[in-house]
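The values are calculated or read from the model by the stated rules, or taken from the named source; none is laboratory data. Please read all numbers here as calculations on a predicted model, not as lab measurements. Cβ placement follows ideal geometry from the backbone for every residue including glycine, while neighbour counts extend to all protein chains displayed.
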Amino acid sequence: MDTMSRMLPDDGRDEGRRNTLKAGAIDRHVGARIRERRLMLGLSQQQLADAIGVTYQQAHKYERGLNRIAAGRLYEISQALGVPISWFFDGIGSGQEPAPMTQRQRLCLEVARNFAQIGNERHQLALSQMARALAEAEARGE
C-alpha cells in the first residue's frame, strides 16, 4: 500500500477515482485529431515525438488515446502541428467517436500536401487540369 492510500480514509470512492484516471472518449478524440493533423502535415510519429520531446511509443499512446495528455504537453503538440489547442477539441460535442481515417482520406491528404509543396504555378495548374480530366472521364464511365 502506498503512503497516500494509508493517509486517505476508505470512503468507498476509491473506485470512482481510478475510473477518472483512465483515458476516455475525450482522450481518444484528441488523439485522433493529433493523428489527423500529423498526417495532414506528412509527419511520422517519430518526427512528432522528436518535436515534442517524447518517445515514439508515447506519441503513439497519445494518438490512440491510451495516455492522457497534460496541458503543457498539449500546448507543445499544438505548436509542433501549427494549430490552436482548441482545434483538438473541435467536434467533441457531437457525441460520437471520431471515425478512423479511410485509405481514400489519407490519399486525399497526401495529394493536397504534395500539391501545396509544388512551387511552380504552371505545374500546379497542369496537375489540377489532369485531376479534373481524370474525374470527368471517371464520371463518364471511361
I'd like to check which helices (runs of 4 or more DSSP H) are fully inside region 62-142 and have at least 3 residues that are under 17 Å from residue 52 (Cα atoms) and without any contact (Cβ under 8 Å) to a residue 40 or more places away in the chain.
71-81
Farther than 23 Å from residue 117 by Cα, touching a helix residue (DSSP H, G or I) at 6+ places or on another chain (Cβ under 9 Å) and small (Gly, Ala, Ser): does that describe residue 65?
yes
Subset tally (residues that are crowded, with 16+ Cβ neighbours inside 10 Å and assigned to a helix (DSSP H, G or I)) for region 21-39
13
Residues in region 90-130 that are at pLDDT 90 or above, surrounded by 12 or more Cβ atoms within 10 Å (Cβ to Cβ) and among the hydrophobic types (A, V, I, L, M, F, W, C): how many?
2
Which of the residues that make up region 49-74 are surrounded by 17 or more Cβ atoms within 10 Å (Cβ to Cβ), under 13 Å from residue 31 (Cβ atoms) and touching a Phe, Trp or Tyr at 6+ places or on another chain (Cβ under 9 Å)?
68, 69, 74
Out of 43, 39, 81, 74, which single residue is under 28 Å from residue 115 (Cβ atoms) and at pLDDT 95 or above?
81
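Can you confirm whether residue 54 is under 10 Å from the mean Cα position of the chain (by Cα) and over 25 Å from residue 115 (Cβ atoms)? Walk me through it before giving the result.
Numbers: under 10 Å from the mean Cα position of the chain (by Cα): no; over 25 Å from residue 115 (Cβ atoms): yes.
When the stated conditions are applied, residue 54 does not pass them.
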